[in-house]
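Structure, as structure tokens:
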Amino acid sequence: MNRSTTAYPRRICIAGLWHQATVMAACFSEMGHTVFGVGDDSNAVRELNGGRAPVHEPELDSVLLRNIQSGRLKFTTSHSEGLTDADFAFVAIDTPVDDMDRPVLDVVLRAVDAIAEHRIGSLVLCVSAQVPVGTSERLLEIVRQRKPRLGCDIAYIPEFLRLSEAIETFFNADRFIVGAQSKAVAGRVAKLYEPLGRPILLTTLRSAEMSKHASNSFLAMSISFVNEISDICEHVGADVSEVVAGMKLDQRIGPRAALNPGLGFAGGTLGRDIRALQELGRQRATNTTLLDAVITVNGSRPEFVMKRLRQQYDSVEGLEIGVFGLTYKPGTSTLRRSIALDIIARLSAAGARVVAFDPLADLANAGPLPKFEIAHDPYQATAGRDALLLLTEWSGIRELDWERVRDSMRHPVFIDTRNFFDPETMAGIGFVYMGVGRGAIAAEALVAQWA
């Protein structure tokens, strides 16, 4: 991982106090820049200045603390302090979404308005928040209109950080895309990233904004595609894991293709970009047929668990269900737009009792939750259950005593929505194991034996 110190040290203000902003603040200061993170939440600022990130992210706390102690990094509620002598002001807000995954820009607009109000010199406004095409120009106008005598340029740098591996995906990024209204401005911003030795693409402002939408929508399409393939695999007796392995050997597809069947994409990230493109298509009378289909397929995936349960039981009502994993993806603590919560809500509405365990889940900041009980250890979640659902794995889950899990359950039905475990291994332990796109054959033999 390249963490080369920059020969171009600058003073950077980063607006935002959650995941994207804190990762960027940590990484830029690690490179040798002087960084101020700004936001209105005094409690979050206090925690961050103590080296405690707002969301679990491997290595982030230690990088934050090291650079705070070095004097290169500080978090503050004072925009004036953060913007003093700043060369660049990043808008690194994790743009929230509504219940339909549509971006809600209010918090982004407030952050830019604060920058416009408190800046005292010329700077480059760098937008990395997830915003629809055309938004950056709107943000530039807000800043220029407030203090027209002060110079301000705009750049859009799409953020491709991944929760649970964000430090790695900053320092070893596949690429950095810098969009601006002039090559000179794009070049100034690109110099921030050059020491990392990663590919840098300079584009127009709107092309950079569009690249974020297109990249995430392609990933979402891949996920919905492989989920449909997995459904067909089950009906014809194929194993989707083997099918995907064969696909990834094709150089046009590649080993890192997003072809992981399961419950679909969640967290609002991929959905937000598809919704942005759908809205752009609607505004310009352009069909978005493929994107519409991706959303339809994804919306049907939570029903997968209910179908699996109904293959084993006449009714979900009255079932005792254990759940492993609540966060929206492995390796993080956030439950934001987690599909696990959607599934638990469906189970509860159908009359099941749900007991869940997740060693990382930040329940205190999760917002409204469906009806379920929290287990203090994984074995409490499995004791007396009619089925166990793996919705999100965590580090160390393979090392559980799976024979103890089996023995603790009333019926050893294990639904692995992540295809995380080997079917033959789990069947050998004695589970009625059902995965995604591979589960029917192994399960049928065991069901007959169990009956």
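The values are calculated or read from the model by the stated rules, or taken from the named source; none is laboratory data. Worth saying up front: this structure is predicted, and the values here are computed from it rather than measured. Counting neighbours? That spans all protein chains shown, and the Cβs are built from the backbone with ideal geometry, glycine included. We work out accessible area using only protein heavy atoms, side chains counted, and drop any ligands, DNA or RNA first. Shrake-Rupley method; radii C 1.70, N 1.55, O 1.52, S 1.80 Å.
Overview of values
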item: Pair list, Cβ under 6 Å, 6 or more apart: region 100-112 residue under 21 Å from Ala266 (Cβ atoms), other residue assigned to a loop (DSSP other than H, G, I, E, B) and open to solvent by 50 Å² or more (accessible area, probe 1.4 Å); result: Val104/Pro96
item: Matching residues in region 197-213 - criterion: being part of a helix (DSSP H, G or I), open to solvent by 30 Å² or more (accessible area, probe 1.4 Å) and either in contact (Cβ under 8 Å) with a residue 40 or more places away in the chain or more than 22 Å from Asp273 (Cβ to Cβ) (or both); result: Arg206, Met210
item: Residue check for Leu259: modelled with pLDDT under 95, among the hydrophobic types (A, V, I, L, M, F, W, C) and under 21 Å from the mean Cα position of the chain (by Cα); result: no
item: Subset of region 40-60 [open to solvent by less than 40 Å² (accessible area, probe 1.4 Å) and on the phi > 0 side of the Ramachandran plot]; result: Gly51
item: Within region 163-176, considering residues that are in a loop (DSSP other than H, G, I, E, B) and over 22 Å from Thr203 (Cβ atoms), the one most open to solvent (accessible area, probe 1.4 Å); result: Glu165
item: Residue within region 271-288 that is open to solvent by 10 Å² or more (accessible area, probe 1.4 Å), of a type in the set (S, T, N, Q) and either in contact with a Ser or Thr (Cβ under 8 Å, 6 or more places away or on another chain) or modelled with pLDDT under 95 (or both) present; result: yes
item: Strands (runs of 3 or more DSSP E) completely within region 1-117 that count 2 or more residues being among the β-branched types (Val, Ile, Thr) and touching a strand residue (DSSP E or B) at 6+ places or on another chain (Cβ under 9 Å); result: 11-15, 34-38
item: Matching residues, region 177-196, being open to solvent by 20 Å² or more (accessible area, probe 1.4 Å) and either of a type in the set (S, T, N, Q) or under 25 Å from the mean Cα position of the chain (by Cα) (or both); result: Gln181, Ser182
item: Cβ pairs under 7 Å, 6+ apart, first in region 119-144 and closer than 23 Å to Leu161 by Cβ, second part of a helix (DSSP H, G or I) and of a type in the set (Ser, Thr, Tyr); result: Val127/Ser136
item: Filter result for Val131 (open to solvent by 10 Å² or more (accessible area, probe 1.4 Å), within 18 Å of Leu277 (Cβ to Cβ) and under 23 Å from the mean Cα position of the chain (by Cα)); result: no
item: Any hit, region 312-324, residues being among the small types (Gly, Ala, Ser), in contact (Cβ under 8 Å) with a residue 40 or more places away in the chain and in contact with a Lys or Arg (Cβ under 8 Å, 6 or more places away or on another chain); result: yes
